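The values are calculated or read from the model by the stated rules, or taken from the named source; none is laboratory data. Here the structure is a predicted model, which means the values were calculated and not measured. Using ideal geometry, Cβ is built from the backbone for each residue, glycine included, and neighbour counts are taken over all protein chains shown.
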Amino acid sequence: MSKEQVKQIFQPNPEFAKNASIKSMDEYNTLQNKAIENYEGFWGDYAKEKLDWIEPFTNTVDESNFPFVKWFEGGKLNVSHQCIDRHLDTRKNKAAIIFEGDRGDKQVITYLDLYYNVNKFANLLKEDFGVKKGDRVVIYMPMIPEAAYAMLACARIGAIHSIVFGGFSAEALKDRIEDAEAKVVITADGAYRKTKPYMLKPVVDNALKGKTPVEKVLVIERNNEEVAWVEGRDYSYNELIKNKSGKCEAELMDSEDPLFLLYTSGSTGKPKGVQHNSAGYILWAQMTMEWVFDVKENDTYWCTADVGWITGHTYIVYGPLAMGATTVMFEGVITFPDAGRPWQMVQEHRINQFYTAPTAIRVLHKMGEEEPKKYDLSSLKVLGTVGEPIDPPAWKWYYEEVGSSKCSIVDTYWQTETGGHVVSPLPGATPIKPGCATFPLPGIMAEILDPETGIKSEVGEKGYMCITKPWPAMIRGVWGDEERFVKSYFGDVKKDGKAVYFTGDGAVYDKDGYITITGRTDDVINVSGHRMGTAEVEAAIKKHPNVAEVAVVGKPHPLKGEGIFAYVVLKSDDGVADEVEEVKAINKIIKKEIGNIALCDDMLFAPGLPKTRSGKIMRRILRSIAKGEEITQDISTLEDPSIVAKIADMVKS
């Protein structure tokens, strides 16, 4: 696209806007001004309107121990009740989850079905496994309905779930189990990918070797294949669930009781256990479903993410079910058996909102540019993107070919730590500029600040994307590490002398006040919308016996957004007969330690790394080299300035 096209503004579809939750920028501005003028009243009113309180809250927000903020104190509720029970009088026969398996197997689960399945699961955990309020339960599952049942069953009895993405390795799983001190693991024997079975239970077995806090493992038999069973530890869900009651009283939970942990990579080697609590999280999950996707009573909504990531938590399970929507859950790969698979599903299920990552859009565009034309996609009303900014060419194809130039594209900006969207277009209100996250959502006080002064950045000047006031769905802590919580999120930027939440991303305003996210400012790489800590990848690579030093940076990737580029210094070239084999060996270790998602796209065996005299590796120089940019930084203070040119020449050749 030309610069003129990039700057083009796309107005909301006027027919769609008539019935949208927020119909115009005037309505948006009215809501945001209300929040600015009366912040507590804004959030308090929505909490009373949207949440089904068992006991009402007495105080909207307490910032006295900032950043350890408390919302809706005194209130009692249960998130499982919010997502299921309260809908039964009016929606018991409505589809809650439409499941489509990798092999095309289908299942429609009504709200009444969901109620019974979750209650049975909750009773199993309580009666057979002794799980009680506050216990941590790790879920290592494929994308099948039982994953949602497990989440909601934990919420029902007050257990804290921690989902680990099913593509992570045994080592990564073990680290997360140990940090959370989980007493139970819920898994499956396996699942299907491109109609071929893959196994999960053996990964769990490897993760639980040696000393472990885990007492019992619950196995859903999805594949019905032979797996090892450890006597007294492993139990079949399929057998135990048969005799469970379909009624389980929902545990009375305080507003600030933890709902789940989700581990995210940081700039140190150890993943952070992001903690989200009950009331504030579920409130924002529901509100953003209604505002950003504009889901109506009879709509069918599909988010293509995995429940192992925050997108799957908020926008496959909790958000849609809290508002009583119909959510599609898909086990497979959206490009299999061909790039028409998602459009065939949109046609079959009459999907109204479709939410996926720019990586997926680029792949679908590349593999099947003409595929959308073969299907009836007229049911689509809103298209969403998540995980990274979408590039203009992919945006244009998505808008014109998938959305027939009538669907708003909501380019959502948010993080594991924010719980839900914080900057996003509103489909019935916001004039959209491709590639722009646009404006903060009502109630979110997001600003781009100068990191040195804390003053709002000028137009065109890159600053730090910050949120200057607490919001209900914000991260409540890093599990077991208060100091890391404060340091990771509230230690970099101050406004008017007070610490504010720093997202870790850079951003810039244009002349119309639109926000464009420019990418990470720390040592985290955004691979296909998933954040990978460079330290975690480097730690894995260092386990290769012949690696002396390593530095990992992000590099633009045509499909993933960012790929992983590793600069490796070997201890010795002796015995390295083939660099290709060495790369394979290192990637094999990464696969074992973290998983396929962290495999390096590029690897350079360098003679050394650019370091300061104090020994700090200058990764920004390595990022510039990886991108093919001219080195403009002052390198005179480096321990060995000549190493920069040597590495740059190697990359070019």
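Taking the conditions (1) surrounded by fewer than 18 Cβ atoms within 10 Å (Cβ to Cβ); (2) out of contact with any helix residue (DSSP H, G or I) (no Cβ under 7 Å at 6 or more places or on another chain); (3) in a strand (DSSP E or B) in turn, E562 satisfies each one other than (1). In summary, strands (runs of 3 or more DSSP E) completely within region 191-291 and bearing 1 or more residues that are touching a Cys at 6+ places or on another chain (Cβ under 9 Å) occur at 258-264. Would you call Y263 in contact (Cβ under 8 Å) with a residue 24 or more places away in the chain, touching a Phe, Trp or Tyr at 6+ places or on another chain (Cβ under 9 Å) and closer than 24 Å to Y116 by Cα? No; evaluated as a whole, the condition is false for this residue. If you go through region 291-326 and keep only what is over 17 Å from the mean Cα position of the chain (by Cα) and aliphatic (A, V, I, L, M), you end up with V295, L321, A322, M323, A325.
Does P393 satisfy being farther than 19 Å from F99 by Cβ, touching a residue at least 60 places away in the same chain (Cβ under 8 Å) and touching a strand residue (DSSP E or B) at 6+ places or on another chain (Cβ under 6 Å)? Taking the combined requirement at face value, the residue does not satisfy it. Exactly one residue out of V328, V317 is assigned to a helix (DSSP H, G or I), modelled with pLDDT of 95 or more and of a type in the set (V, I, T), and it is V317. Assessment of region 441-461 against the conditions (closer than 16 Å to T385 by Cβ and either of a type in the set (A, V, I, L, M) or surrounded by 24 or more Cβ atoms within 10 Å (Cβ to Cβ) (or both)) yields at least one matching residue. Condition (residue is over 30 Å from K381 (Cβ atoms), surrounded by 18 or more Cβ atoms within 10 Å (Cβ to Cβ) and not hydroxyl-bearing (S, T, Y)) applied to region 51-61: is it met by at least one residue? Taking every residue of region 51-61 in turn, at least one turns out to be over 30 Å from K381 (Cβ atoms), surrounded by 18 or more Cβ atoms within 10 Å (Cβ to Cβ) and not hydroxyl-bearing (S, T, Y). Among residues of region 482-496 being assigned to a loop (DSSP other than H, G, I, E, B) and touching a residue at least 12 places away in the same chain (Cβ under 8 Å), the one that is surrounded by the most Cβ atoms within 10 Å (Cβ to Cβ) is V493. So in region 545-559, with the set limited to residues that are among the aliphatic types (A, V, I, L, M) and not in a loop (DSSP other than H, G, I, E, B), which one is farthest from A394 (Cα to Cα)? Filtering region 545-559 for residues that are among the aliphatic types (A, V, I, L, M) and not in a loop (DSSP other than H, G, I, E, B), the one farthest from A394 (Cα to Cα) comes out as A548.
Could you tell me whether any residue of region 18-29 is more than 27 Å from the chain's Cα centre (by Cα), surrounded by fewer than 20 Cβ atoms within 10 Å (Cβ to Cβ), farther than 28 Å from I467 by Cα and of a type outside the set (V, I, T)?
yes
Only one of the listed residues (D376, D294) is among the charged types (D, E, K, R) and surrounded by fewer than 24 Cβ atoms within 10 Å (Cβ to Cβ). That residue is D376. The single condition from (1) of a type in the set (V, I, T); (2) part of a strand (DSSP E or B); (3) surrounded by 20 or more Cβ atoms within 10 Å (Cβ to Cβ) that V108 fails is (3). For region 19-63, the tally of residues that are without any contact (Cβ under 8 Å) to a residue 24 or more places away in the chain and in a loop (DSSP other than H, G, I, E, B) stands at 3. Checked against (1) under 21 Å from the mean Cα position of the chain (by Cα); (2) buried (at least 18 other Cβ atoms within 10 Å of the Cβ); (3) not in a helix (DSSP H, G or I), V537 passes all but condition (3).
For region 327-351, taking the residues that are among the β-branched types (V, I, T) and surrounded by fewer than 20 Cβ atoms within 10 Å (Cβ to Cβ), the one that is farthest from the chain's Cα centre (by Cα) is identified as T335. Between N117, N93, N123, the distinction of being assigned to a helix (DSSP H, G or I), more than 28 Å from the chain's Cα centre (by Cα), assigned by TED's automatic domain parsing to the domain that holds A250 and of a type in the set (S, T, N, Q) belongs to N123 only. Screening the candidates I635, I643, I647 for the property of being over 33 Å from the mean Cα position of the chain (by Cα), more than 24 Å from E562 (Cα to Cα) and modelled with pLDDT of 90 or more yields one hit, I643. Might you check whether a residue that is in the same structural domain as D135 (by TED's automatic domain parsing), surrounded by fewer than 18 Cβ atoms within 10 Å (Cβ to Cβ) and of a type outside the set (K, R) occurs anywhere in region 270-277? The answer is no; no qualifying residue exists.
Here G324 meets the list (1) without any contact (Cβ under 8 Å) to a residue 40 or more places away in the chain; (2) surrounded by fewer than 23 Cβ atoms within 10 Å (Cβ to Cβ) almost entirely, failing just condition (1).
Picking from residues in region 576-600 that are free of Cβ contacts under 8 Å to residues at least 12 places away in the same chain and not charged (D, E, K, R), the one that is farthest from G561 (Cα to Cα) is A577.
Let's see how each residue does on (1) closer than 30 Å to M603 by Cα; (2) of a type outside the set (S, T, N, Q):
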{"residue": "A473", "(1), (2)": "no, yes"}
{"residue": "F502", "(1), (2)": "no, yes"}
{"residue": "G506", "(1), (2)": "yes, yes"}
{"residue": "G513", "(1), (2)": "no, yes"}
{"residue": "N546", "(1), (2)": "yes, no"}
{"residue": "H557", "(1), (2)": "yes, yes"}
